[in-house]
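The values are calculated or read from the model by the stated rules, or taken from the named source; none is laboratory data. As the structure is a computational prediction, the values presented were derived from the model and not from experiment. Every residue, glycine among them, receives a Cβ derived from its backbone with ideal geometry; neighbour counts consider all protein chains shown. Just so you know, the surface numbers come from the protein's heavy atoms only, side chains and all, with ligands and any DNA or RNA stripped out. Shrake-Rupley method; radii C 1.70, N 1.55, O 1.52, S 1.80 Å.
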Amino acid sequence: MANTNLSEHTVSILVYNKPGVLSKVMSLITRRGFNVESVSAEKTSGDKTRIIVAVKADERSLEQIQKQLYKIVDVVKVTPIDPKHRIVRELAFIKVKNATAIPNTSNMELFQLVDVFDGEIVNATPSGFVFQVTGSRDKINSFISLIPETLIVEIARTGIVAINKWPSQDN
Amino acid sequence: MAMKGARIVVECLKKEKVDTLFCYPGGVVIPIFDELFQHGDGIRMVQPRHEQGGTHAADGYARVTGRPGVVLVTSGPGATNTVTGIATAYIDSIPMVVITGQVPTQYVGTDAFQEADITGISLPITKENILVTDIEDLAPSLKRAFHIAVSGRPGPVLVDIPKDVLLASTAFEYPEEFSLESYRPVSKGHPRQVAKALEMMSQAERPLILAGGGIQISGSTELANTFIDKTGIPFVHTLMGHGINPRNRDLPSGNIGMHGTVYGNWAVQNCDLLIALGTRFSDRILGDTVSFAPRAKIIHVDVDPAEIGKNVEVDVPIVGDLRHVLEKWIEADRPMPDFSPWVKAIREKRLANPLTYTQKEDIVPQYVMEKAREAFPENLIVVTDVGQNQMWAHQYFDTNRPRSFVSSGGLGTMGFGVPAGIGAKLGCPEREVLVIAGDGGFQMTMQELITIRREKLPVKIMVLDNGYLGMVRQWQDLFHDKRYSGVLLDNNPNFAELARVLGIRGRQVTRVDEVAEAMTELAQSKEAMLLHVIVKEEENVFPMVAAGASLNDTRTS
Ligand SMILES: Cc1ncc(C[n+]2csc(CCOP(=O)(O)OP(=O)(O)O)c2C)c(N)n1
Ligand SMILES: [Mg+2]
């Protein structure tokens with residue numbers, strides 16, 4: 001299928017919490033030629049798990065992927081997340097070296113950055129720090145891009161969680 | 001009363017009324033074989049020579065009966081040997097239940113002896129697969145497997161059972177019902193869409209039905225025939241769609257696609273409404289997607305929502321069981337306009353473009369097909385292998401009954417023919433079964449001749465020996481300046497003699513004037529027989545549409 005107009009879509013997939021179901025979902029998505037940008041999964045209630053996947057796809061293949069997902073016996077519901085009407089969050093930890101180790105940088109600048117991005121310093125030692133930021137993927141990406149690359153030791157990100165908002169009252 | 005897992009497996013098979021089990025033993029499944037030995041009454045155990053053969057046989061059984069084919073194999077190599085057979089069944093939507101033994105639970109993941117992650121391996125080629133880790137889940141898992149294999153769009157399901165589960169005990173209870181919040185195949189087509197489709201038919205000038213494999217799978221051949229008779233809409237079919245037979249033989253039919261008829265492909269390109277029933281619009285049917293059926297609006301009925309809009313854009317999608325949709329269409333009793341000018345146009349195309357061949361000194365396969373069709377009874381089941389032989393069988397046997405043309409369509413699996421023929425004969429013992437294979441594909445599973453002998457199955461086999469991997473050679477001929485690389489089969493034995501060594505009647509045919517008489521011998525033989533026909537080396541299958549080319553460019557030479 002022609003890969004025109006690729007954009008990032010988020011799909012929320014409710015599945016029975018059965019062994020192998022996550023690999024079934026992921027294998028299906030990648031096998032059908034979609035690039036997975038992010039994935040998160042957590043048991044939600046009772047015997048079910050919610051998997052949230054962000055993929056790059058055009059509208060038509062997005063529809064295909066939803067139909068294909070329903071072919072997995074343990075998939076209960078597939079809900080596309082409306083990009084205009086959603087709440088999305090991701091959490092990231094960024095482990096950085098103490099900035100005094102490198103010329104022309106200071107820890108103060110780093111702390112200001114954390115402040116601007118509503119982040120937290122969750123671990124601080126003479127060798128370095130661990131920052132925590134939450135928000136959209138874009139926000140986290142730009143936070144990371146503003147930290148000098150040489151200072152970054154490790155990054156851990158959750159992948160996005162997303163949910164559709166209640167329909168708005170006024171329209 | 002507590003029952004061992006191995007016994008539970010056998011009891012579940014009985015509950016599912018399994019009468020034939022294609023099984024091959026090994027370490028971890030010995031407990032099941034042990035129970036079959038003692039309690040397997042009513043279940044015929046058929047032991048193939050290779051698990052691939054067993055799986056194709058189960059597939060053949062399922063294709064002719066509509067009931068799931070059941071396979072039992074051991075872990076590791078036993079399980080991996082079934083992979084080709086499972087993939088073949090999956091892509092053609094054939095119901096199958098494959099039970100594999102697995103190493104004991106505590107060894108899973110340790111690279112234990114004969115451990116293979118078969119649920120991982122079979123993930124993309126099964127409709128569902130289950131690793132049973134708890135004896136309490138065993139009977140429910142088998143129930144689930146049988147239910148899923150046959151419902152909705154059918155397909156193979158694999159159940160992997162570790163040895164310790166087979167040895168554990170619990171009370172046996174087979175669930176009556178199977179219900180899940182998630183798995184809900186659609187049965188009824190949406191009434192508005194069903195009505196809209198009919199409305200469009202009544203306004204069309206040149207409607208055309210495209211019959212796919214879904215018609216026979218859903219058991220709606222008779223309904224489709226009635227609908228065709230009633231409306232006078234002409235039809236074409238795919239490789240999987242053999243078996244449609246309107247009583248009005250004047251109504252042109254024909255197969256379409258890469259080796260479709262000229263008039264079939266012409267009809268698709270010129271219709272103004274294409275009514276696609278139970279087909280997945282494979283690339284072998286479409287050719288070039290953009291120029292496919294350029295003048296037509298498309299109605300697509302399929303039980304699998306994912307097939308609709310996958311390969312072609314559709315104007316009226318109908319997700320539902322074909323049976324239901326056809327019933328509604330017939331009930332509506334909608335008057336249709338006179339399509340006879342359109343039917344006449346197709347008929348003229350047909351008359352102007354018959355299938356042709358030239359029979360000179362060397363026997364040509366098309367001639368063999370014609371003689372076979374004359375010699376065998378009308379209710380014959382044709383089972384093909386893959387390659388040129390398959391395409392000629394497809395063209396020359398316009399089978400007029402459902403579940404009577406057995407062929408690996410989607411995967412194109414060489415070696416399918418002989419074992420699938422075994423399954424077909426076991427499924428329909430009263431009917432004549434003719435396997436048509438090429439010299440290449442035949443050699444992939446020819447050890448199953450021994451199974452035919454052992455099970456005393458009067459299967460008839462015709463090997464068309466052109467000394468080449470003919471279909472590949474044809475592509476090299478047409479598209480690679482005859483650079484016949486890697487396709488020569490120049491050490492073929494005398495297959496008739498080989499058959500005799502294995503205890504099967506065999507005859508070799510080399511001259512044109514023997515063909516008809518040899519074919520009669522084959523058809524009338526009371527026992528299994530193999531006919532080894534030496535055919536012309538470089539005969540090509542026509543019509544042909546090059547891969548990805550438009551159906552407009554159907555070449556005849
Ligand atoms: C298992 C497998 N391997 C390879 C192929 C590719 N292939 C398709 S047709 C063909 C040639 C088949 O030759 P033969 O069985 O002699 O039949 P013929 O075309 O000559 O009638 C080959 C190699 C295949 N379809 N299946
Ligand atoms: Mg050949």
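Straight-line reach from B:LYS310: taking Cα to Cα under 19 Å and skipping same-chain neighbours fewer than 8 places apart, the lysines in range are A:LYS56, A:LYS67, A:LYS71, B:LYS127, B:LYS297. Farthest toward the positive end of the dipole of the protein assembly as shown, out of B:ILE217, B:GLY441, B:TYR357, is the Cα of B:ILE217, where the dipole comes from beta carbon charges about the Cα centre.
Run the numbers on the range B:312-438 and let me know its relative contact order in percent, using alpha-carbon pairs under 8 Å that are six or more apart. Could the numbers behind the result be given before it?
On the way: 114 pairs, mean separation 31.4, N = 127.
It comes to 25 percent, rounded to a whole number.
Quick one: if the Förster radius is 30 Å, what FRET efficiency do B:ARG295 and B:LYS230 give, using the C-beta to C-beta distance and rounding to 0.05?
Values: r = 25 Å, r/R0 = 0.82.
After rounding, the FRET efficiency stands at 0.75.
Surface composition of the range B:486-545: carbon plus sulfur atoms contribute 48% of the solvent-accessible area (1.4 Å probe, protein chains only, all chains present).
Taking 0.36 nm per residue of separation and subtracting the Cα-Cα distance, full extension of the segment from B:GLU521 to B:ARG483 would add 9.8 nm.
Which of rounded, prolate, oblate describes the range B:191-352, given a ≥ b ≥ c as roots of the alpha-carbon gyration tensor eigenvalues and a/c under 1.5 marking rounded, otherwise prolate only if a/b is larger than b/c? It comes out rounded by the Cα gyration axes. The gain in end-to-end length when the B:ALA112 to B:ARG431 segment is fully stretched comes to 110.3 nm, 0.36 nm per residue minus the alpha carbon separation.
With r as the distance between the Cβ atoms of B:TYR174 and A:ARG60 and R0 = 35 Å, compute the FRET efficiency 1/(1 + (r/R0)^6) and round to 0.05. Between A:ARG60 and B:TYR174 the formula returns 0.20.
Based on the alpha-carbon gyration tensor of the range B:2-171 and its eigenvalue square roots a ≥ b ≥ c, which shape applies: rounded if a/c is under 1.5, prolate if not and a/b is larger than b/c, or oblate? Could you put the intermediate results ahead of the total?
Working: a/c = 1.42, a/b = 1.18, b/c = 1.20.
Here the range B:2-171 falls in the rounded category.
For the range B:191-352, the share of accessible area belonging to carbon and sulfur comes to 49 percent (1.4 Å probe, ligands and nucleic acids excluded).
Counting pairs of alpha carbon atoms under 8 Å apart in space and at least six apart in sequence, what relative contact order in percent does chain B give? Before the final figure, lay out each step's value.
On the way: 1260 pairs, mean separation 79.0, N = 557.
Over chain B, the number comes to 14 percent.
Using the beta-carbon distance between A:ILE121 and A:GLU42 and R0 = 45 Å, what value does 1/(1 + (r/R0)^6) give for FRET efficiency, to the nearest 0.05? Let's see the in-between values first.
Numbers: r = 26 Å, r/R0 = 0.58.
My answer for the efficiency is 0.95.
The alpha-carbon of A:LYS48 sits under 15 angstrom from the alpha-carbons of these aspartates and glutamates, leaving out residues fewer than 8 places away in its chain: A:ASP74, B:GLU181.
In terms of the mean number of neighbouring beta-carbon atoms within 10 Å, the peptides B:462-474, B:350-362, B:392-404, B:57-69 order highest first as B:57-69, B:462-474, B:392-404, B:350-362. Counting charges near B:SER220 (Lys, Arg +1; Asp, Glu -1) among other residues having Cβ under 13 Å from its Cβ returns a value of -1.
If I stretch the segment between B:LYS188 and B:GLU374 completely, what's the gain in nm (0.36 nm per residue apart, minus their alpha carbon distance), one decimal? Numbers along the way, then the final one.
Working: separation 186, 0.36 × 186 = 66.96 nm, distance 4.15 nm.
Gain on stretching B:LYS188 to B:GLU374: 62.8 nm.
Report summary: the helix-based calculation at 222 nm, which adds -39500 (n - 2.57) for every DSSP H run with n ≥ 4 and divides by the residues of chain B, gives -10500 deg cm²/dmol. Here's the picture: charge each Lys and Arg Cβ at +1 and each Asp and Glu Cβ at -1 in the protein assembly as shown, and of B:GLY27, B:VAL325, B:VAL418 the one pushed furthest to the positive end of that dipole is B:VAL325. In chain A, the longest principal axis of the Cα atoms and the axis of helix A:21-31 are about 90 degrees apart. Excluding residues fewer than 8 places away in the same chain, name every one of the aspartates and glutamates whose C-alpha is closer than 18 Å to that of B:LYS15. Leaving aside aspartates and glutamates fewer than 8 places away in the same chain, those within reach of B:LYS15 are B:GLU35, B:ASP41, B:GLU136, B:ASP137, B:GLU173, B:GLU176, B:GLU177. Amide H to amide H distances under 5 Å link B:ASN466 with B:ASP439, B:VAL535, where only residues 5 or more positions off or on other chains count and H is placed in the peptide plane. Here the accessible area of the range B:2-171 is 53 percent carbon and sulfur, with a 1.4 angstrom probe and all protein chains present. Computed from label points 7 Å out along Cα-Cβ, the spacing between A:ILE102 and B:LEU351 is 8.5 nm. For chain B, the square roots of the Cα gyration tensor eigenvalues, ordered a ≥ b ≥ c, give a/c of at least 1.5 with a/b no greater than b/c, which places it in the oblate category. Considering the zone a paramagnetic label at A:THR150 would reach in this model (a point 7 Å from Cα along the Cα-to-Cβ line), which residues of the range A:91-119 have amide N under 13 Å from it? Label zone hits: A:97-106. Below 10 angstrom from the Cβ of B:ASN466, what's the summed charge of the other residues (Lys, Arg +1; Asp, Glu -1)? Result for the neighbourhood of B:ASN466: -4.
The label-point distance for B:THR510 and A:SER27, in a model that sets each label 7 Å from Cα toward Cβ, rounds to 5.1 nm.
What's the local net charge at B:ILE381, with K and R +1, D and E -1, over the other residues with C-beta under 12 Å away? Intermediate results must be reported in sequence, preceding the final value.
Values: positive: B:ARG63, B:ARG401, B:ARG403, B:LYS425, B:ARG431, B:LYS460; negative: B:GLU378, B:GLU430, B:GLU432.
After counting each charged neighbour, the total is +3.
Counting heavy atoms of the protein chains only and a 1.4 Å probe, report the per residue accessible area for the range A:7-81 as a whole number of Å².
On the way: 3170 Å² over 75 residues.
Accessible surface, normalised per residue, equals 42 Å².
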